[in-house]
1. Report, by chain and number, residues whose modeled amide H sits under 5 Å from the one on K71, excluding near sequence neighbours (fewer than 5 apart, same chain).
2. What does the charge count near S58 come to, summing +1 for each Lys or Arg and -1 for each Asp or Glu among other residues with Cβ under 14 Å from its Cβ?
3. Show me, for region 14-26, the HN-Hα J-couplings you get by feeding each phi into the Karplus relation (A = 6.51, B = -1.76, C = 1.60, θ = phi - 60°), rounded to Hz, glycine and proline as x.
4. Apply the Kirkwood formula to region 23-66: the hydrodynamic radius equals the inverse of the mean of 1/r over all pairs of different alpha-carbon atoms; give it in Å with one decimal.
Amino acid sequence: MATAQIPQWIFSCLDQYANCACGIRIVKKMGKEGLLKALEAKGYPCELEIIADPKDTSEFPEDGTYILTLKSTERHNKDTDEKE
């Protein structure tokens, strides 16, 4: 399944910070919707924001910043509470 392609460090960042700058490679490899669906299937419902030069109209801007943000911090807060 596609979730096996998501590096563990992405889950670690989402657990710790509730967001992650994931980079272009994983987004291009899995596709925007594929990545978001795979994360949601693992219990990480996210939104993907691509910050890039407005003049770059390509689907995957090379110099863009690809940021995953958890839609809800409920999971993030629960994990943090369990560690304390």
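1. Residues meeting the amide H criterion: C46, E47.
2. After counting each charged neighbour, the total is -2.
3. 5, 5, 7, 10, 6, 7, 7, 7, 8, x, 6, 4, 5
4. Computed over Cα pairs of region 23-66, the Kirkwood hydrodynamic radius comes out at 11.0 Å.
Laboratory data are not the source of any read-out in this text; all were calculated from the coordinates shown. On a predicted model such as this, the values are computed, not experimentally measured, just so you know. For neighbour counting, all protein chains shown are included, and Cβ atoms are generated from backbone atoms with ideal geometry for every residue, glycine included.
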